[in-house]
Amino acid sequence: MKPIPYYSHWPAITSAIQSTTEETIFVDRIVEQMTLEEKVGQMIQPDIRDVTPTEAREYKLGSILNGGGGWVNDDKRASAGDWLGLLDQYWDALEAAYADRPFRIPYLWGTDAVHGHNNIYRATVFPHNIGLGAARDPDLIRRIAEATATEICVTGMDWTFAPTVATPRNLRWGRTYEGYSEDPTIVYHYAGEVVRGLQQSAEALKTDRAVLSNVKHWVGDGGTRHGIDRGCNHYDEDLLRNIHAMGYFSGLEAGAQIVMASFSTWEGEANYDHSPDDGVAFNKRLTGSRYLINDVLKDRMGFDGLVISDWNSHADVSKCTDNNANYAINAGIDILMATGSSDWRQVYWNAVAGVERGEIPMARIDDAVRRILRVKFRAGMWDKPKPSQRALAGRGDLLGCEEHRAVAREAVRKSLVLLKNKNVLPLPRTKPILVTGSACDDLQKQTGGWTLTWQGSENTREDFPGAKTFADSAREILGADHCAVDPGLAWANPQDFDTAVLVIGEDPAAEMFGDIAPGHSLALSEIKRKYQADLALLKRLKQAGVRVVTVLYSGRPLYTNEEINHSDAFVAAWLPGTEADGITDVLFEPGNGQPRYDFTGRLSFSWPNRPDSEAVNAIPEHIPDYSVPEEEQDPTGEHKPLFPLGYGLSLQGESSRLTIDLDRLPVSSGSMAKSDAVAETLELFGTRANGDFNLMLSTRDDSNETPVSSNQTTRRDGVTIVPIDYRHQQDARRVAVESGSAVVRVAAGDSQGYDLSEYAGPDVVLSIDIRLDSDWPAGSRVAIDGTSGTSGYLDVSNYLPNEPMNDWVTVRIPLADFGLEADALRGTVSPVRLEIPSACRFDLGDIRWAVSEQH
Ligand code: BGC
Ligand code: BGC
C-alpha cells in the first residue's frame with residue numbers, strides 16, 4: 001500500500017459530493033418555512049423500541065434507528081417483508097405529518113450494518129474489520145460494501161453506521177475487531193473504499209441501490225488509555241490527526257455524508273477551551289467538543305454533511321443530562337441518538353425550550369437542519385418511494401445470496417494469517433481428521449459481536465440459515481465418515497487420528513463487554529476460566545501424538561505462546577462470519593478442478609509477546625514508520641511483538657524470517673499477582689464479570705431454566721427481567737416477580753462447574769449489589785450449588801434490610817455461613833442461587849465472591 005500523507009494541520013477535504021445551486025435553493029426553501037418544533041424533530045433519532053409511528057408523526061421525527069438486537073416486532077427472524085412493513089408505517093406516518101404543510105420531509109432509517117447487514121436474519125455475515133485488515137485488499141473492501149449496500153436496500157433502509165475507522169492501539173479494547181488495523185495506512189486506504197462501495201457516486205446515491213455511509217467514531221476512539229472503551233484518548237493533536245483521523249480524510253473525500261461522534265474523551269490541549277468548570281478530563285467527551293466537531297471537522301475540514309451523537313452519548317457530557325442535550329447541540333451535534341436511558345421526548349422539549357431561552361442560538365438549529373436536509377437531498381429522499389416500493393425492496397433472492405456469500409468466502413480466505421506451519425498444511429482430503437475445540441461448531445464464536453444481537457450472544461444455529469461452521473465445511477470435504485466432530489473431545493479417541501484441527505477462540509462481545517481490564521491477562525486461557533478447557537484439550541492431543549492445526553477465532557491478537565508451542569500449525573482466523581468454507585479452502589488440498597489457494601493474509605496488528613502488556617503495539621505512541629528499525633523506535637524492546645505487523649507465512653515461496661523457535665516460546669502468566677493463599681475476587685455478574693458465568697431463571701415449581709437475556713426482556717410465568725444500567729450500560733437487571741416464584745441462579749459456563757475450592761477460606765464473602773423496590777418476601781433464600789449438591793439455604797432477610805430503598809446497597813454474606821468445605825467447591829455449578837417465593841421487585845447489580853479487605 002502506498003504511504004499515506006502526513007498532515008501538519010487539519011486538512012481541508014474536497015468531498016466527491018458537492019453542493020449544487022439546486023440543492024441549496026431546495027433546502028433553504030424548506031428550512032425557511034419550518035417551525036422550531038419541526039426543526040428540532042429532525043434532530044432527534046430514537047430507537048424503534050422506544051417510539052411508535054404515531055409518535056414519529058406527532059414529533060415529526062427526522063430519523064429512526066434500530067440498534068444492535070433491535071428487531072421489528074421484537075422478532076429476531078423477521079423477514080425483509082416484516083421490516084419493510086414497519087419502515088412503511090413510519091414513512092406513512094411522516095407523510096401524514098406534513099399533509100397540511102406546503103412541504104414534506106421524508107425520514108431516514110439507520111442501522112449497524114458493520115460486517116454485512118448483520119442485524120437481519122438470512123443476511124450474509126462478512127468477517128469483522130480486523131480480518132479484512134489482514135487481507136490488505138482495497139478492491140475486496142469495496143465489493144463487500146457494495147454487497148452490504150444491496151442487502152440493506154432489500155430491507156428499505158437508508159443509512160449504515162459504518163465504517164468504523166478507528167485505529168485501535170491497545171488490544172485490551174473490546175472494539176479492537178471493529179478496526180482494520182493499528183496502522184493508519186490501512187485504515188486510510190480502506191475507509192474511502194467502503195464509502196464508495198456503500199454510496200457509489202453522487203448520482204447513484206440518489207437511487208434506491210445505494211445507502212448513506214457514516215464514518216465513526218470521531219475521533220480517537222481507538223487510542224484510549226489502557227484500551228478502555230469510552231475512555232480517554234491521550235495522544236497529542238499531531239498524533240490524533242495522523243494516527244486516529246486518517247480514515248476520516250479518505251472517507252470524507254470519498255463523499256461520506258455522516259460522521260458519528262465518539263463516546264470517548266480527548267485530553268489534548270486544544271480541548272481545554274470548554275467552560276471553566278469542565279476541568280475534569282473525563283468530562284471532555286468528544287460529543288461535547290466544540291473544538292473537534294465544529295472548529296476542526298466542520299470548519300477546517302469543510303465537512304458539510306451531518307454529525308450524529310452516539311447511543312445516548314450526550315448524557316456523558318458534563319454539561320448535559322440524560323434528557324438535556326443542549327450543550328452537545330451547541331458543540332455541533334446535528335442529530336441526537338436519543339436512546340437508552342434518555343427519554344427522547346424530554347430531549348426534544350429541552351432543546352425547544354433551550355432555543356426559546358436563548359441558550360441555543362437559532363442559527364445553530366438552522367445549521368443542523370440544513371445539514372440534515374442536505375444529506376437527505378443527496379440521498380434522493382424526496383424522489384424515493386416508500387421503502388417497500390423501492391427497486392430492491394423485499395428481494396429475498398439477494399439477502400444472503402450465493403454471490404454475496406462467495407465474496408464473504410473470498411474475504412475469509414484472504415483474512416487468514418498463518419503464524420506457524422511445521423509441514424502439516426495443507427491437509428489431505430483423503431485422510432480422516434478429528435475436528436475439535438470449543439469453536440469448531442459454534443457460529444457465535446465464528447461471527448462475533450454485532451451479529452443479530454448487540455453482543456453476538458444468545459444466537460443459535462437456526463438463526464443462521466445457510467451458514468457453515470468449520471465443522472460443517474470440513475465434514476463436506478472429507479465426508480461424515482472421515483470427519484469426527486467432537487468439540488469437547490467427549491467421545492472420540494485421539495489415538496485414532498493422525499491429525500486434528502482444533503478450533504478455539506473468544507466468546508462474542510461488543511463494546512465495553514469485550515474489554516480486558518488493565519491488570520488482567522491477555523493470555524487466551526486466562527481471560528476466562530472456561531477457556532482453559534481448550535488448552536487442556538490441546539495438551540491431550542499432543543500427548544496422544546496427534547498433529548494439531550490450531551485455528552483461532554478472536555477479536556484481536558492474544559498472547560497464545562503456549563497454544564503455539566503445542567500446535568504444529570497455527571492460524572489466526574479473526575471473526576470470519578458465516579462462511580467457513582473460506583477457511584477449509586486454504587487449510588485443505590484443493591479438490592478436483594479447484595484452484596489452489598495459499599495464505600495471503602498478513603497481520604494488521606502486532607501480536608503480543610507478553611500476557612501483561614499494556615500497550616502491546618510495537619510502536620505505541622508514534623506514527624508508525626516501519627522503515628525505521630524497530631530497535632530505534634522501541635529501545636528497551638519492551639513492546640517488541642512476538643510477530644510484527646505485516647507478518648504471515650505462505651505455503652509456497654517465502655517462509656518465515658523469524659529466528660524464534662515456535663515450539664519453545666517462553667510461557668508466563670499474566671494473571672494478577674497472587675500469593676498462594678489468596679485467590680482473586682471472583683466476578684460473577686455485573687460490571688466486571690467476564691462472561692464465565694450466566695444468569696438463569698426458573699421457578700420453584702419448574703426447574704427448567706431460561707437464560708436471562710442481556711439485551712431483551714426475559715419473561716417467564718409471572719416473572720420479567722429487564723436489562724438496566726448500573727455502573728455502565730446494561731450491566732444490571734431489573735427483576736419483577738408479579739406472581740408465582742422465581743429462582744435466579746448464577747451458573748458456571750462450563751456445565752462441569754469450576755474448581756473454586758481456593759475460596760473456601762474464612763475471608764471470602766458473597767457480595768451482592770441490590771436495590772429493593774418492594775418488601776422482601778418472607779422465605780427468600782440463598783444457597784450455593786457445589787459438587788455434592790446444594791448447600792444449606794440461608795434466609796436472605798438476615799443479611800438485608802427489609803424495606804424498599806432508593807439507593808443500591810451491598811449485601812455481604814460470609815461464604816463460611818454456607819457451611820461448604822473446600823471439597824464441595826471443587827465443581828461449583830452455581831456460586832449463588834436466589835430463591836424468591838412470591839411477589840417482589842428488585843434490581844440486581846454486581847455479584848462477586850470477594851476476597852479479604854476488598855469486600
Ligand atoms: C441496544 C443496542 C445498541 C447498543 C448501543 C444497546 O442497549 O440494545 O441496540 O446498539 O445499546 O450501545
Ligand atoms: C455504538 C455505535 C453504534 C450505536 C448504534 C453505539 O453504542 O458505539 O457504534 O452505531 O451504538 O447501535
Are any of the residues in region 359-378 touching a helix residue (DSSP H, G or I) at 6+ places or on another chain (Cβ under 6 Å) and within 29 Å of residue 510 (Cβ to Cβ)?
yes
Consider only pairs whose beta carbons are under 8 Å apart and that are at least six residues apart or on different chains; among these, list those whose first residue lies in region 212-225 and is on the phi > 0 side of the Ramachandran plot and whose second residue is within 13 Å of ligand 2 (Cβ to nearest atom) and outside any loop (DSSP other than H, G, I, E, B).
220/286
Selected residue [open to solvent by less than 50 Å² (accessible area, probe 1.4 Å) and part of a loop (DSSP other than H, G, I, E, B)] from 408, 393
393
Pairs with Cβ under 8 Å, 6+ apart, first in region 815-834 and closer than 21 Å to residue 694 by Cβ, second open to solvent by 10 Å² or more (accessible area, probe 1.4 Å) and among the basic types (Lys, Arg)
830/745; 832/745; 833/745; 834/745; 834/781
Please list, ordered by residue number, the strands (runs of 3 or more DSSP E) wholly in region 727-780 having 3 or more residues that are modelled with pLDDT of 95 or more and of a type in the set (Gly, Ala, Ser).
742-748
Out of all the residues in region 551-564, is one or more modelled with pLDDT under 95, over 19 Å from residue 435 (Cα atoms) and of a type in the set (S, T, N, Q)?
no
I'm told residue 18 meets every condition in (1) within 16 Å of ligand 1 (Cβ to nearest atom); (2) surrounded by fewer than 20 Cβ atoms within 10 Å (Cβ to Cβ); (3) polar (S, T, N, Q) except one. Can you identify the failing condition by its number?
(1)
Give the number of residues within region 61-114 that are part of a loop (DSSP other than H, G, I, E, B), open to solvent by less than 30 Å² (accessible area, probe 1.4 Å), over 20 Å from residue 390 (Cα atoms) and free of Cβ contacts under 8 Å to residues at least 60 places away in the same chain.
4
For region 163-208, which residues satisfy the criterion of being outside any helix (DSSP H, G or I) and within 15 Å of residue 252 (Cα to Cα)?
163, 164, 165, 166, 200, 201
If you check residue 166 against the conditions, is it within 16 Å of ligand 1 (Cβ to nearest atom), open to solvent by less than 20 Å² (accessible area, probe 1.4 Å) and small (Gly, Ala, Ser)?
yes
In region 808-826, residue nearest to residue 737 (Cα to Cα) [restricted to those that are in contact with a strand residue (DSSP E or B) (Cβ under 7 Å, 6 or more places away or on another chain) and in a loop (DSSP other than H, G, I, E, B)]:
808
Just give me the residues in region 212-256 being in a loop (DSSP other than H, G, I, E, B) and of a type outside the set (Lys, Arg), in sequence order.
219, 220, 228, 229, 231, 234, 235, 236, 245, 254, 255, 256
Condition met for residue 297 (buried (at least 20 other Cβ atoms within 10 Å of the Cβ), within 16 Å of ligand 2 (Cβ to nearest atom) and either modelled with pLDDT of 95 or more or not assigned by TED's automatic domain parsing to the domain that holds residue 47 (or both)):
no
Counting only residues that are within 16 Å of ligand 2 (Cβ to nearest atom) and assigned to a loop (DSSP other than H, G, I, E, B), which one in region 306-320 is surrounded by the most Cβ atoms within 10 Å (Cβ to Cβ)?
309
For region 695-711, which residues satisfy the criterion of being over 19 Å from residue 511 (Cβ atoms) and surrounded by fewer than 19 Cβ atoms within 10 Å (Cβ to Cβ)?
696, 700, 701, 702, 703, 704, 705, 706, 707
Please state which one of 299, 366 is free of Cβ contacts under 8 Å to residues at least 12 places away in the same chain and away from ligand 1 (no atom under 16 Å from the Cβ).
299
Flagged in region 418-448 as in a loop (DSSP other than H, G, I, E, B) and open to solvent by less than 30 Å² (accessible area, probe 1.4 Å), in numbering order, are 424, 425, 437, 439, 440, 448
State yes or no: is residue 510 in contact with a Phe, Trp or Tyr (Cβ under 6 Å, 6 or more places away or on another chain), small (Gly, Ala, Ser) and within 16 Å of ligand 1 (Cβ to nearest atom)?
yes
When region 42-57 is examined, which residues are found to be more than 16 Å from ligand 1 (Cβ to nearest atom) and not in a strand (DSSP E or B)?
42, 43, 52, 53, 54, 55, 56, 57
Among 391, 406, which is the only one that is in the same structural domain as residue 58 (by TED's automatic domain parsing) and either in contact with a strand residue (DSSP E or B) (Cβ under 6 Å, 6 or more places away or on another chain) or more than 30 Å from residue 563 (Cα to Cα) (or both)?
391
Checking 757, 767, 739 in turn, the sole residue that is away from ligand 1 (no atom under 16 Å from the Cβ), open to solvent by 50 Å² or more (accessible area, probe 1.4 Å) and either assigned by TED's automatic domain parsing to the domain that holds residue 807 or among the aromatic types (Phe, Trp, Tyr) (or both) turns out to be 739
Going residue by residue through region 58-68, is there one that turns out to be within 16 Å of ligand 1 (Cβ to nearest atom) and in contact with a Gly (Cβ under 7 Å, 6 or more places away or on another chain)?
yes
Which count do you get for residues in region 103-119 that are within 9 Å of ligand 2 (Cβ to nearest atom) and aliphatic (A, V, I, L, M)?
1
Is it the case that residue 363 is farther than 30 Å from residue 333 by Cβ and open to solvent by 30 Å² or more (accessible area, probe 1.4 Å)?
no
Being more than 16 Å from ligand 1 (Cβ to nearest atom) and in contact with a helix residue (DSSP H, G or I) (Cβ under 7 Å, 6 or more places away or on another chain) narrows 172, 225, 230, 241 down to just 172
Six or more apart or on different chains, Cβ atoms under 8 Å: show the pairs whose first residue is in region 334-359 and assigned by TED's automatic domain parsing to the domain that holds residue 308 and open to solvent by less than 10 Å² (accessible area, probe 1.4 Å) and whose second is polar (S, T, N, Q) and part of a helix (DSSP H, G or I).
335/42; 337/313; 351/326; 354/326
Taking residue 39, is it of a type outside the set (Phe, Trp, Tyr) and assigned to a helix (DSSP H, G or I)?
yes
Could you list, ordered by first residue, the pairs with Cβ atoms under 9 Å in which the first is in region 309-329 and under 19 Å from residue 65 (Cβ atoms) and of a type in the set (Ser, Thr, Tyr) and the second is outside any loop (DSSP other than H, G, I, E, B) and away from ligand 1 (no atom under 16 Å from the Cβ), at least 6 apart or interchain?
309/328; 313/328
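The values are calculated or read from the model by the stated rules, or taken from the named source; none is laboratory data. Remember, predicted model here, so these are calculated numbers, not experimental data. Neighbour counts run over all protein chains shown; Cβ positions are idealised from the backbone, glycine included. Ligands, DNA and RNA are excluded from the accessible area calculation, which covers all protein heavy atoms including side chains. Shrake-Rupley method; radii C 1.70, N 1.55, O 1.52, S 1.80 Å.
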